[in-house]
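Q: Please see the structure below; I have some questions.
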Amino acid sequence: MAMYNKKSIEDVEVAGKKVLVRCDFNVPMKDGVITSDKRIVEALPTIKYLLSKGAKVILCSHMGKPKGQVVEKYSLAPVAARLSELLGINVALAADTTGEDAKAKAAALKEGEAMLLENVRFDIREEKNDPTMAKELADLAELYVNDAFGTAHRAHASTAGVADYLPAVCGYLIGKEIGIMGKALSNPERPFVAILGGAKVKDKLSVINNLLTKVDTLIIGGGMAYTFLAAQGKGTGTSLLDESKIDYCREMLEKAEAQGVKILLPVDTVVAKEFPDPIDAEIETTTVCSCCIPEDMMGLDIGEKTAALYAEAAKNAKTVVWNGPMGVFENPTLAKGTIAVAQALADSEATTIVGGGDSAAACEQLGFASEITHISTGGGASLEFLEGLELPGIACLNDKE
Ligand code: AMP
């Protein structure tokens with residue numbers, strides 16, 4: 001497990017300095033309007049700290065996937081406007097990322113002022129981690145702060161490359177992620193239970209190998225459970241299945257047994273004839289034993305017995321990490337398993353960590369967020385953290401002495 005001991009904004013002198021801060025302002029938008037400003041709000045503590053210390057703050061972020069083109073709908077203009085409201089100061093948006101306007105605006109910044117660069121992914125060099133772009137970003141400032149955990153698993157010019165040219169530290173968001181997740185995973189209070197779900201079977205199967213060396217119990221739900229059931233020789237009907245990974249799942253089951261790690265798989269499954277279309281459409285379901293999913297049916301949620309079993313394991317744990325919904329939770333009929341797990345985490349006395357994406361959204365929508373110890377701001381990044389992979393956006397930061 002990567003254990004990070006990185007310098008933070010509080011460990012360096014920032015007064016009077018131009019500070020480039022990589023944020024995750026990739027907020028959801030509809031028709032040019034921000035539908036949730038959560039990511040902007042979460043970035044405020046770092047920004048406010050820097051402003052209060054008299055730094056000249058140059059913010060940057062990506063939004064969407066413009067693939068190196070200037071795409072109007074991915075402009076950060078709405079973010080600049082929202083930031084201005086939230087901070088109560090004008091946050092000017094540069095017309096470019098590292099061009100003439102960015103340079104001029106950065107050079108004119110005064111202490112306690114902030115500006116925002118235009119979308120870093122408007123520049124084709126960003127995702128290639130092109131050193132010329134990293135250098136141009138670095139030339140705007142005297143210190144680099146990374147506070148974008150959501151992109152910390154990517155080595156891009158603004159998330160990692162820039163640290164080759166500037167002193168580099170973490171902001172409060174990344175500091176909290178590595179503090180809580182790092183501690184929970186390197187020296188967990190036991191029993192340590194991991195709950196994995198969701199649909200991206202391939203992505204998540206690789207996490208399992210690493211988790212098996214750490215956890216006492218591994219709980220599998222969601223679309224990835226069926227590849228495990230298939231590995232046990234069970235029929236899975238028309239459920240989501242990754243045939244190329246059946247052998248791998250069998251190996252994991254054997255490894256778990258050899259290491260004395262319990263793997264819990266669904267004992268009952270909510271099935272339907274078809275995937276709901278649209279996803280929240282009314283749907284007729286029945287619950288069957290997981291050993292006999294009918295050939296023409298697909299599993300879309302864990303059943304009640306399974307939910308109770310999983311909830312019990314979570315309640316008795318001292319550390320729980322959860323990533324991925326237990327079923328097609330976008331549909332109210334198929335959300336019960338996910339709700340039960342979210343409720344169990346909320347009720348548990350354990351240190352509870354929810355890794356980004358859908359499981360985080362589920363906890364928030366259900367109003368359980370305040371009962372969870374830590375909800376990670378990064379889906380993919382938190383998975384890679386769990387996997388024990390080094391995150392380039394964190395590894396690049398300066399170590400504490
Ligand atoms: P992921 O992005 O891998 O976390 O997967 C999240 C998605 O998995 C959600 O959109 C769920 O609807 C979907 N999902 C969960 N369980 C199932 C299932 N049994 N079959 C198909 N999709 C599922």
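Just so it is clear, none of the values below were taken in a lab; they were calculated from the coordinates. Computed from a predicted structure; not experimentally measured. Every residue, glycine as well, gets a Cβ built from its backbone with ideal geometry; the counts of neighbours run over all protein chains shown.
Q: Where nothing but the Cβ of Lys and Arg (+1) and of Asp and Glu (-1) is charged, how large is the charge dipole of the range 67-208 around its Cα centre, in debye to the nearest 20? Don't skip to the answer; put the middle values down first.
A: On the way: 17 positive and 20 negative charges, 161 e Å.
Dipole of the range 67-208, to the nearest 20 debye: 780 debye.
Q: Then there is this: Taking amide H positions as placed 1.01 Å from N in the peptide plane, with prolines and chain starts having none, which residues 5 or more places from D242, or on another chain, fall under 5 Å of its amide H?
A: Excluding prolines and chain starts, which carry no amide H, the hits are T227.
Q: Cα convex hull of the range 166-207: mean projected area in nm², to one decimal? List each step's numbers first, then the result.
A: Numbers: hull surface 20.1 nm².
Averaging across all directions leaves 5.0 nm² for the Cα convex hull.
Q: Taking the Cα-to-Cβ direction at A92 and at K255 and moving 7 Å from each Cα, how far apart do the two end points lie in nm?
A: Result: 5.4 nm between the two label points.
Q: Once you compute Rg and the Kirkwood Rh from C-alpha atoms, what is the Rg to Rh ratio for the range 130-174?
A: Radius of gyration over Kirkwood radius for the range 130-174 works out to 0.94.
Q: Sticking with this structure for a sec: Where a Cα-Cα gap under 18 Å defines reach, which lysines qualify for K67, not counting those fewer than 8 residues away within the same chain?
A: Within reach: K128.
Q: Taking only the Cα atoms of the range 360-401, how large is their convex hull per residue, in Å³?
A: Given the Cα convex hull of the range 360-401, per-residue volume reads 99 Å³.
Q: Please report, in Å, the Rg and the Dmax of the range 262-344, where both are computed over Cα atoms only.
A: When restricted to Cα atoms, the range 262-344 yields Rg and Dmax of 13.0, 40 Å.
Q: Right, next: Taking amide H positions as placed in the peptide plane 1.01 Å from N, state which residues far from K56 in sequence (5 or more) or on other chains have amide H under 5 Å from it.
A: Residues meeting the amide H criterion: G16, K17, K18, V19, G112.
Q: What FRET efficiency, computed as 1/(1 + (r/R0)^6) with R0 = 25 Å and r the Cβ-Cβ distance, is obtained for K128 and A77, rounded to the nearest 0.05?
A: Values: r = 25 Å, r/R0 = 1.01.
FRET efficiency, K128 to A77: 0.50.
Q: Please report the orientation-averaged projected area of the chain, defined via the convex hull of its C-alpha atoms, in nm².
A: Computed as one quarter of the Cα hull surface, the answer is 19.6 nm².
Q: Here's something else I'd like to know. Starting from the Cα gyration tensor of the range 153-225, take the square roots of the eigenvalues, sort them a ≥ b ≥ c, and report rounded, prolate or oblate (rounded when a/c is under 1.5, otherwise prolate if a/b is larger than b/c, else oblate).
A: It comes out oblate by the Cα gyration axes.
Q: Could you point to the residue in L397, H156, I180 farthest towards the positive end of the chain's charge dipole, with +1 and -1 charges on the Cβ of Lys/Arg and Asp/Glu respectively?
A: My answer, from the dipole projection, is L397.
Q: Moving on. Just going by the charge dipole of the range 252-375, with Lys and Arg at +1 and Asp and Glu at -1 on Cβ, which of G367, G355, Q259 is farthest out on the positive end?
A: Sorting the options by dipole projection puts first Q259.
Q: Related question: List the lysines whose alpha-carbon lies under 25 Å from that of K56, not counting same-chain residues fewer than 8 positions away?
A: K6, K7, K17, K18, K38, K48, K103, K105, K110, K135, K176, K400
Q: Which residues' amide hydrogens lie under 5 Å from the amide hydrogen of N119, considering only partners 5 or more residues apart or on another chain, with H built in the peptide plane?
A: Close amide H contacts, sequence-distant or interchain: L76.
Q: Just to be sure I understand: of the beta bridges DSSP finds with both ends in the chain, what percent are antiparallel, rounded to 5? Before the final figure, lay out each step's value.
A: Values: 11 of 47 bridges.
Given both bridge residues lie in the chain, the antiparallel proportion sits at roughly 25 percent.
Q: Straight-line reach from K262: which aspartates and glutamates have Cα under 16 Å away, leaving out those fewer than 8 places along the same chain?
A: D216, E251, E254, E312
Q: If you don't mind, another one. For the chain, with a Gaussian network of springs between Cα atoms less than 10 Å apart, report the residue from G324, G233, G223 with the top mean-square fluctuation.
A: Largest GNM mean-square fluctuation: G233.
Q: In addition: So in the range 244-401, what percent of DSSP beta bridges are antiparallel if you round to the nearest 5?
A: Taking every DSSP beta bridge within the range 244-401, about 55 percent pair in antiparallel fashion.
Q: Distance between the C-alpha centers of the range 348-401 and the range 41-64? Whole Å please.
A: The two parts, judged by their Cα centres, are 21 Å apart.
Q: Mind checking the full-extension length gain between K48 and E284? Use 0.36 nm per residue of separation minus the Cα-Cα distance, one decimal, nm. List each step's numbers first, then the result.
A: Values: separation 236, 0.36 × 236 = 84.96 nm, distance 5.07 nm.
Full-extension gain reported as 79.9 nm.
Q: Hey, got the dipole for the chain? About the Cα centre, +1 on K and R Cβ, -1 on D and E Cβ, debye to the nearest 20?
A: So the magnitude is around 800 debye.
Q: Then there's this: Based solely on its DSSP helices, what 222 nm [θ] is calculated for the chain when runs of n ≥ 4 H residues each add -39,500 (n - 2.57) and the sum is averaged over all residues, nearest 500 deg cm²/dmol?
A: The per-residue figure over the chain is -10000 deg cm²/dmol.
Q: Classify the range 171-291 from the C-alpha gyration tensor, please: rounded if a/c falls under 1.5, else prolate or oblate depending on whether a/b exceeds b/c.
A: oblate
Q: So if the hydrodynamic radius of the range 1-131 is defined as the Kirkwood radius over C-alpha pairs, what does Stokes-Einstein give as its diffusion coefficient at 25 °C and 0.890 mPa s, in µm² per second?
A: D, rounded to a whole number, is 160 µm²/s.
Q: With +1 on each Lys and Arg Cβ and -1 on each Asp and Glu Cβ, and nothing else charged, work out how big the dipole of the range 244-401 is about its Cα centre, in Debye to the nearest 20.
A: Values: 10 positive and 26 negative charges, 98 e Å.
Charge dipole, the range 244-401, about its Cα centre: 480 debye, nearest 20.
Q: Sticking with this one: Can you tell me the 0 to 90 degree angle between the C-alpha axis of helix 77-87 and the longest principal axis of the chain, rounded to 10?
A: 80 degrees
Q: Cα axis of helix 246-259 to longest principal axis of the chain: angle in degrees, 0 to 90, nearest 10?
A: 90 degrees
Q: Can you tell me the orientation of helix 172-186 relative to the chain, as the angle in degrees between its alpha-carbon axis and the longest Cα principal axis, to the nearest 10?
A: 40 degrees
Q: Which listed residue (P278, L309, P294) has the Cα farthest towards the positive end of the charge dipole for the range 233-312, taking +1 on Lys and Arg C-beta and -1 on Asp and Glu C-beta about the Cα centre?
A: The one lying farthest along the dipole's positive direction is L309.
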